[in-house]
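Here is the structure we will look at, set down as structure tokens.
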Amino acid sequence: MLPALAGSLPCFSLAFTLSKVWCDPNSAEEGRWVKFGVGILLMEFLIIHSGGALAGIGQSRGWKDGLALVFYIPIAILMAWMIAYSMKSKSLFWSFMFIFAGRVSVLFLDQSGEALAFIIERTRVSALIYMPLVFLTITTLIPKWGMTDPKYAEMMQSNGSSGVWVEYPHRAIGAATIYFFLLGIAEIGYLSWVSLGA
């Protein structure tokens, strides 16, 4: 149960902070969390993708997979840097690097394959939650709540970016809130059951 709590608490903490931003954008760092929250949802796509890619590379452990790893690592790091740069947030980049380094180390340290199997399952669950919510952001179903002031969209557009999440940041913040809440529940329920080998 302890690993499940360790995995779920950061998700619930992030969901709580994002929900506050959704209701009152100025409640976290004077509105700066609007841009950071959108960046988190963007970066989560790369985290899910890297989990799947590294799991695929690590399953056979042949020389071709080693070569694929050599090419994939700098590409993933470059993509993370581009997302972080567009959001003007070093924290986003280093958060990704911390998670990514842990997943790469599993390929070298996990000889039994159990940790790799868990990464595969976590990636699958994350993607199943993430993708429908991303599709939801292109609709008008996610309410604005406290994000009614147009200045938040203007804040997102200040660096020349464009797109649905830039023009309607409340959709990304709302989707991120729901995503991390559901992921926290998955960590306690399904993923803790998988980790026990039930």
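Values quoted throughout were computed directly from the atomic coordinates according to the rules given, and no laboratory measurement underlies them. Since the model is a prediction, treat every value here as computed from it, not as a measurement. Backbone-built Cβ (ideal geometry, glycine too); neighbour counts: all protein chains shown.
Using r as the Cβ-Cβ distance of I75 and R124, and R0 as 22 Å, what FRET efficiency do you calculate, to the nearest 0.05? Present the calculation step by step, with values, prior to reporting the outcome.
Numbers: r = 22 Å, r/R0 = 1.00.
It comes to 0.50.
Label positions at E167 and T139, each projected 7 Å from the Cα along the C-beta direction, are separated by 1.9 nm. With a point put 7 Å past each Cα toward its Cβ, work out how far E154 is from I185 in nm, to one decimal. It works out to 3.8 nm between the two label points. Residues S50, S162, S89, S126 in ascending order of nearby Cβ atoms (within 10 Å, fewest first): S162, S89, S126, S50. Listed by chain and number, the aspartates and glutamates whose alpha-carbon sits under 17 Å from that of K20, ignoring those within fewer than 8 places in the same chain, are E29, E30, D149. Between H49 and W94, what FRET efficiency comes out of the Förster formula 1/(1 + (r/R0)^6) with R0 = 25 Å and r the beta carbon distance, rounded to 0.05? Given R0 = 25 Å and the Cβ-Cβ separation, E is 0.85. Placing R0 at 35 angstrom, the Cβ-Cβ distance between C23 and M82 gives a FRET efficiency of 0.70 after rounding to 0.05.
In this simple spin-label approximation, M131 and R32 carry label points 7 Å from Cα along the Cα→Cβ vector, and these lie 3.6 nm apart.
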